[in-house]
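Here's the structure, in structure tokens; my notes come after.
The values are calculated or read from the model by the stated rules, or taken from the named source; none is laboratory data. Everything numeric in this text was worked out from a predicted model, so none of it was measured. Here Cβ is always computed from backbone atoms with ideal geometry, including for glycine, and neighbour counts include all displayed protein chains.
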Amino acid sequence: MTSRPRSKTQVQTRDPAATRNRILKAATEEFAKRGLAGARVDTIAARAKANKGMIYHYFESKDSLFRAVMEKAYYDIRSAERALELDRMEPVAAIVCLVKFTWNYYLDNPGFITLLNSENLHRAKHIANSAIIKEMHRPFVALLQTILERGVEAGVFRDGIDPVQLYLTIAAVSYYYFTNRFTASIIFDRDFTAPDMLKERLEFNIETILSIVRCAKTPASSRIEQAA
């Protein structure tokens, strides 16, 4: 007796990990496009080829689903940073690499910025209830601290720099540009979306961050060579 072939839906529902990942991917796209308030669970279900019941089974609520999206978003950027192996680079090269990476990550992942904006509008109430967000950031802060300490020992960085404050500045000089480049283009009558302007801004960001961390005695010529 020939058994009936399983339907696509049956196969999908018997692979919980795949189903959960599809829902998470669809939710990320919807939240990144419309924010938490504008996103619809029905749309997420349709994109994930699932039903609302499955979404609530895996994530309990829309807010819990958004928290999972934020956790995945932070995990992705921190994982990409680890892959840079900054700890293997000379201190100046490591900082320059991190500035470039942050810029390019924001440029290539505009949805990440949208998700951050949405969570900040809600005063971070979702990630405040996350058990893993803080844990995944501790190694990154420790790594940045080590890079700064190595730079001090090498005589190229000044002492007393807070790694968290430094990273906030690295993120900010890129983040603000991307969240305001369209309005700034009108206000200042420049096309801040043009490739030459993006290149100019990245170079400015690198110089800005190096001016914060470097020792006053570091020659300008040496600084430029190290950044290159």
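Here are some notes:
- Search result, residues across the range 48-102 that are within 21 Å of E135 (Cβ to Cβ) and of a type in the set (F, W, Y): F59, F66, Y74, Y75
- Of all residues in the range 127-153, those satisfying the criterion of being small (G, A, S) and farther than 11 Å from D87 by Cβ are A128, S130, A131, G151.
- Single residue of the range 26-40 satisfying the filter (farther than 13 Å from I55 by Cβ and of a type in the set (D, E, K, R)) that is farthest from the chain's Cα centre (by Cα): R34
- Where helices (runs of 4 or more DSSP H) sit wholly within the range 26-90, those with at least 3 residues that are outside the structural domain of F101 (by TED's automatic domain parsing), of a type outside the set (V, I, T) and free of Cβ contacts under 8 Å to residues at least 40 places away in the same chain occupy 41-48, 52-59.
- Pairs where the first residue, in the range 121-147, is more than 26 Å from V213 (Cα to Cα) and assigned by TED's automatic domain parsing to the domain that holds L36 and the second is of a type in the set (G, A, S) and outside any loop (DSSP other than H, G, I, E, B), C-beta under 8 Å, 6+ apart: none
- Test set (1) closer than 20 Å to K72 by Cβ; (2) without any contact (Cβ under 8 Å) to a residue 24 or more places away in the chain - Q165 fails condition number: (1)
- Selection from the range 142-189 of residues that are basic (K, R) and out of contact with any Pro (no Cβ under 6 Å at 6 or more places or on another chain): R158, R181
- Single residue of the range 91-100 satisfying the filter (buried (at least 16 other Cβ atoms within 10 Å of the Cβ) and touching a residue at least 60 places away in the same chain (Cβ under 8 Å)) that is farthest from V213 (Cα to Cα): K100
- One residue stands out in the range 148-190 among those that are loosely packed, with under 13 Cβ neighbours inside 10 Å and among the aromatic types (F, W, Y): the one that is nearest to A94 (Cα to Cα), namely Y176.
- Residue pairs whose Cβ atoms lie under 6 Å apart, sitting 6 or more positions apart in sequence or on different chains, and linking a residue in the range 171-190 that is more than 20 Å from E207 (Cβ to Cβ) to a partner that is surrounded by 17 or more Cβ atoms within 10 Å (Cβ to Cβ) and at pLDDT 95 or above, are S185/F192.
- Selection of first residues in the range 194-206 that are within 13 Å of I170 (Cα to Cα) and of second residues that are small (G, A, S) and in a helix (DSSP H, G or I), restricted to Cβ pairs under 8 Å at least 6 apart or on distinct chains, gives the following pairs, ordered by first then second residue: N205/S174; I206/A227.
Yes/no per residue for (1) modelled with pLDDT of 95 or more; (2) not acidic (D, E):
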| site | (1), (2) |
| --- | --- |
| P5 | no, yes |
| Q12 | no, yes |
| D15 | no, no |
| T28 | yes, yes |
| R34 | no, yes |
| A83 | yes, yes |
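- Complete set of residues in the range 42-76 that are surrounded by 17 or more Cβ atoms within 10 Å (Cβ to Cβ), of a type in the set (V, I, T) and within 23 Å of I113 (Cα to Cα): I44, V69
- Number of positions in the range 183-195 that are closer than 14 Å to L107 by Cα and not aromatic (F, W, Y): 3
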